[in-house]
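Below: the structure, in structure tokens.
The values are calculated or read from the model by the stated rules, or taken from the named source; none is laboratory data. Values in this document were obtained by computation on a predicted structure and should not be read as measured data. All Cβ positions, even for glycine, are placed from backbone atoms using ideal geometry, and neighbour counts span all protein chains on display.
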There are 2 protein chains.
Amino acid sequence: MAKAGDLVEIVTKDNVYHGILMPKPEIFKSNSVVLKLDSGYNIGIDKKKIKKIKLIKKAKKTKQKKKKIKLNKKLPTVSILSTGGTISSKVDYATGGTYASLTAEDFVELEPKILEFANIRAKKILQIMSEDVGYADWITMAKEIKKELDKKEVAGVVLTHGTDTLHYTASMLSFMFPKLSKPVVLVGAQRSTDRGSSDTFMNLISSVIAATQKIGEVMVCMHATSNDDFCYLHRATKVRKMHTSRRDAFRSINQFPIAKVFTNGMVEILTDYKKPDEKTELNTKIDKKVALVYVYPGINEKILDYYVKQKYHGVVLMGTGLGHVPKKIVQKIKFMTRKNIVVCITSQCLYGRTHGFVYSNLRRLERAGAIFCEDMLPEVAYVKLMHVLGKTKKLEKVKELMQENLKGEINKTISVKMFMN
Amino acid sequence: MAKAGDLVEIVTKDNVYHGILMPKPEIFKSNSVVLKLDSGYNIGIDKKKIKKIKLIKKAKKTKQKKKKIKLNKKLPTVSILSTGGTISSKVDYATGGTYASLTAEDFVELEPKILEFANIRAKKILQIMSEDVGYADWITMAKEIKKELDKKEVAGVVLTHGTDTLHYTASMLSFMFPKLSKPVVLVGAQRSTDRGSSDTFMNLISSVIAATQKIGEVMVCMHATSNDDFCYLHRATKVRKMHTSRRDAFRSINQFPIAKVFTNGMVEILTDYKKPDEKTELNTKIDKKVALVYVYPGINEKILDYYVKQKYHGVVLMGTGLGHVPKKIVQKIKFMTRKNIVVCITSQCLYGRTHGFVYSNLRRLERAGAIFCEDMLPEVAYVKLMHVLGKTKKLEKVKELMQENLKGEINKTISVKMFMN
């Protein structure tokens, strides 16, 4: 009988499928068989519809012989912390289980070239798809990163993460580290290692190179173009996933990337960055009672009552244009600020700055107590507000902190070249 | 005493302001004076703080002598319908009132060159800032457009609109006109006519040129670059405002613009477009019980209960990446679809396609009954779902229509060049 990892042909009433039989993931409690097609995509086929499963080729038993890695005293040490996502997914057909790249040896096996730039330590701290990342995970990540940064021999930390919410995590970590003595580099992959076009290898090696630099920031390291020419190192508070599947999906918005990173170790600095602080400081206190709400024509303003009723402390609105919302929402904001709920305004345009003074409707919004978040990305304003409300609940102080540039999230001088780039 | 329109100097305790005294807008019931600074921005100054208002130069009385426009029988006729927004705002300092460009003569006075390309008819159908546009306005616009298109002498319609929600209106109008015998061109301005860098003139003339073309689509005509070189003519269902203030804020997403329009009348076609239909058909039936919801780490899934309780018929989710949502939201979607509420999945990445089959979490979503909206923009999926639910409430039919390319909203062959362009 065919087993996971075998190349098979599955015949149903309507089709013939050709591919590798996949181990049954936990999620499939239903009666289906999962096949990885030659295209690299997986499909599920209802067992009832299967007429025949023909074994074409048995899977090769892969022997897990791992070389012990020698310490190179001339090189810095980088800690790789893995949390799950595409970059650490690797299906072991022989054993039939899904396991993630976890040990230093696993990473070296994946991309031996990383040893040219650093000694590698590695630890699996979470196993989670990024769409399921939550508050507790952010705190776990921050604490584990702190532990590594505090080790004298560690030059920097690489955190592997699913790409979907990688930019949320990156900016949250930025705010959680008011001071940072070493670089923290988040990296992900848009395509898994079993696909020819996988970006895992180049992203991984680039992130290790980035983690050896003297930069005191949380950053995101991902493919810069649709070719394999170099990676961008983005400021965590200025980056966003802008494409569902492209390898160069991550783009700096209203800001230049900090640097280009080449796999030969070259790092080309593109803009100002923060030098490392003397010591690393961690503050994981966040207020979870914060929401992010998209504003659109026809929006029911009563949806905001839900947050009032649930005793939320803050709401970030994604307004239109310069930060506009319909008149009926302005009324609701007045009501909310009177109840001491912080209302922040960002723009769904993503690019550009919100303003509280250009049009009379905007001035009205400001008088209603709304806080305009400059050129901050909505996602960044959302995590920042959680962080700020973790520090203080005083409206005036919250406003002051939200409009203060804490971690590069506000750019006072946006260049014309920072648009769609 | 200084009057509205006069150049003045206002001295307060801390500052001296130099600018044109503005007529007091309705909104300022407070005791403030509005001054238009040389930068083009307006500021409000508290009357209590004013020490002195010095008159520098009296406003010139502008005489409203309007030339009667002669009909040029060699040229086509374009109807300009105005609805408000920056493009039709023009402060008349002499009379002190805010009035909008409404008559054909007003538009010709604004940009006399339009008479080289078309005879102009004009009508003010609404006076509204675009952040306040709602269902009723969409229906008003569609009906007024239909009236103009039905006139034999009219070659096409230009609709002037505030830019904030212009793309929502444009795609709604696309769906409301299943058949279109003439072009409908939406146009706005990012900067008002009293600013040197105003895009009003070039956008207006380009939209008139566009409205004389043989194209059976609703389109958006706006500045293509940060220079005054040409305008883009975008497909209504593929365009989005991507910058809060730039003149070239409108970008085609997952699609090329239909054409470049030059102010000398040249139109350079860039991609396929729809030829005019024999007759125009209008269907303004929409279902208002539809919501658009942003998905993010930490989202409270109970927010969806609000829409269940309020008996909504459809919700469009802006998921992460390929269309992911947290597990707890998947459970909620199951519950909603069982209650016959349509749940559509789009991506907050904006660029790229959503998928229901790549990752197991996505397959779970699909089994929960969610409809993946291909490469549709979230805003477009939102107005499309209103339109589709206006036609049918049968889930299978809704799914079929949502995944069918009705008005160019789905692009099956996204080119690599359609990213960040």
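Numbers for the structure displayed
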{"item": "The listed residue being under 17 Å from the mean Cα position of the chain (by Cα) and of a type in the set (D, E, K, R), out of B:ASP194, B:ASP164", "result": "B:ASP164"}
{"item": "Residues of the stretch B:273-297 that turn out to be within 23 Å of B:ILE341 (Cβ to Cβ), facing chain A (nearest Cβ under 10 Å), assigned to a loop (DSSP other than H, G, I, E, B) and not aliphatic (A, V, I, L, M), as a count", "result": "3"}
{"item": "Pair list, Cβ under 6 Å, 6 or more apart: the stretch B:357-375 residue under 27 Å from B:ARG240 (Cβ atoms) and in the same structural domain as B:LEU317 (by TED's automatic domain parsing), other residue hydrophobic (A, V, I, L, M, F, W, C) and assigned to a helix (DSSP H, G or I)", "result": "B:LEU365/B:VAL330; B:ALA370/B:ILE333; B:ILE371/B:MET402; B:CYS373/B:ALA381"}
{"item": "Some residue of the stretch B:284-305 being among the hydrophobic types (A, V, I, L, M, F, W, C), in contact with a Leu (Cβ under 9 Å, 6 or more places away or on another chain) and under 30 Å from B:VAL154 (Cβ atoms)", "result": "yes"}
{"item": "Whichever residue in the stretch A:233-272 is within 29 Å of A:GLY314 (Cβ to Cβ) and assigned to a strand (DSSP E or B) and, among such residues, is farthest from the other protein chains (Cβ to nearest Cβ)", "result": "A:ARG235"}
{"item": "Breaking point among (1) outside any helix (DSSP H, G or I); (2) in contact with a strand residue (DSSP E or B) (Cβ under 7 Å, 6 or more places away or on another chain), for B:SER207", "result": "(1)"}
{"item": "A:THR413 being in contact with a strand residue (DSSP E or B) (Cβ under 7 Å, 6 or more places away or on another chain) and under 30 Å from B:SER226 (Cα atoms)", "result": "no"}
{"item": "Complete set of residues in the stretch B:116-141 that are within 14 Å of chain A (Cβ to nearest Cβ) and assigned to a helix (DSSP H, G or I)", "result": "B:SER130, B:GLU131, B:ASP132, B:TYR135, B:ALA136, B:ASP137, B:TRP138, B:ILE139, B:THR140, B:MET141"}
{"item": "Criterion (in the same structural domain as B:LYS384 (by TED's automatic domain parsing) and touching a residue at least 40 places away in the same chain (Cβ under 8 Å)) met by exactly one of B:VAL239, B:VAL295", "result": "B:VAL295"}
{"item": "Near pairs, Cβ below 8 angstrom, 6+ apart or cross-chain, from the stretch A:306-327 (in the same structural domain as A:ASN361 (by TED's automatic domain parsing) and part of a loop (DSSP other than H, G, I, E, B)) to any residue that is of a type in the set (A, V, I, L, M) and modelled with pLDDT under 95", "result": "A:LEU322/A:VAL358; A:LEU322/A:LEU362; A:GLY323/A:LEU362; A:GLY323/A:LEU365; A:VAL325/A:LEU365"}
{"item": "Unmet requirement for B:ASP228, which otherwise passes all of (1) within 14 Å of chain A (Cβ to nearest Cβ); (2) out of contact with any strand residue (DSSP E or B) (no Cβ under 6 Å at 6 or more places or on another chain)", "result": "(1)"}
{"item": "All positions within the stretch A:102-127 that are under 18 Å from the mean Cα position of the chain (by Cα) and surrounded by 17 or more Cβ atoms within 10 Å (Cβ to Cβ)", "result": "A:LYS124, A:ILE125, A:LEU126"}
{"item": "Considering residues of the stretch B:19-52 that are hydroxyl-bearing (Ser, Thr, Tyr) and surrounded by 13 or more Cβ atoms within 10 Å (Cβ to Cβ) only, the residue modelled with the highest pLDDT", "result": "B:SER32"}
{"item": "Breaking point among (1) touching a Ser or Thr at 6+ places or on another chain (Cβ under 9 Å); (2) surrounded by fewer than 18 Cβ atoms within 10 Å (Cβ to Cβ); (3) at pLDDT 95 or above; (4) within 14 Å of chain A (Cβ to nearest Cβ), for B:ALA370", "result": "(2)"}
{"item": "In the stretch A:340-356, residue farthest from the other protein chains (Cβ to nearest Cβ) [restricted to those that are touching a residue at least 40 places away in the same chain (Cβ under 8 Å) and polar (S, T, N, Q)]", "result": "A:ASN340"}
{"item": "Subset of the stretch A:143-167 that is more than 14 Å from chain B (Cβ to nearest Cβ) and in contact with a helix residue (DSSP H, G or I) (Cβ under 8 Å, 6 or more places away or on another chain) - its residue that is surrounded by the fewest Cβ atoms within 10 Å (Cβ to Cβ)", "result": "A:VAL154"}
{"item": "Unique match (being at pLDDT 95 or above, under 25 Å from B:VAL388 (Cα atoms) and surrounded by 21 or more Cβ atoms within 10 Å (Cβ to Cβ)) among B:ARG251, B:ARG246, B:ARG240", "result": "B:ARG240"}
{"item": "Residue satisfying condition, being modelled with pLDDT of 85 or more, under 23 Å from A:THR263 (Cβ atoms) and charged (D, E, K, R), within set A:GLU116, A:GLU109", "result": "A:GLU116"}
{"item": "Residue in the stretch A:171-179 that is surrounded by fewer than 24 Cβ atoms within 10 Å (Cβ to Cβ), among the polar types (S, T, N, Q) and either out of contact with any strand residue (DSSP E or B) (no Cβ under 8 Å at 6 or more places or on another chain) or away from every other protein chain (no Cβ under 14 Å) (or both) present", "result": "no"}
{"item": "Unique match (being of a type outside the set (Lys, Arg), touching a residue at least 12 places away in the same chain (Cβ under 8 Å), out of contact with any Phe, Trp or Tyr (no Cβ under 6 Å at 6 or more places or on another chain) and within 26 Å of A:ILE345 (Cβ to Cβ)) among B:SER206, B:SER197", "result": "B:SER197"}
{"item": "Selected residue (criterion: surrounded by the fewest Cβ atoms within 10 Å (Cβ to Cβ)) from residues of the stretch A:328-350 that are part of a helix (DSSP H, G or I) and among the polar types (S, T, N, Q)", "result": "A:GLN331"}
{"item": "Filter result for B:GLN213 (assigned to a loop (DSSP other than H, G, I, E, B), under 26 Å from B:GLU109 (Cα atoms) and not basic (Lys, Arg))", "result": "yes"}
{"item": "Criterion (at pLDDT below 95 and away from chain B (no Cβ under 14 Å)) met by exactly one of A:LEU395, A:LEU406, A:LEU365", "result": "A:LEU395"}
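This table checks each residue for (1) more than 8 Å from every other protein chain (Cβ to nearest Cβ); (2) over 30 Å from B:ARG247 (Cβ atoms).
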{"residue": "A:ILE303", "(1), (2)": "no, yes"}
{"residue": "A:GLN310", "(1), (2)": "no, yes"}
{"residue": "A:GLY314", "(1), (2)": "yes, yes"}
{"residue": "A:VAL330", "(1), (2)": "yes, no"}
{"residue": "A:ARG338", "(1), (2)": "yes, yes"}
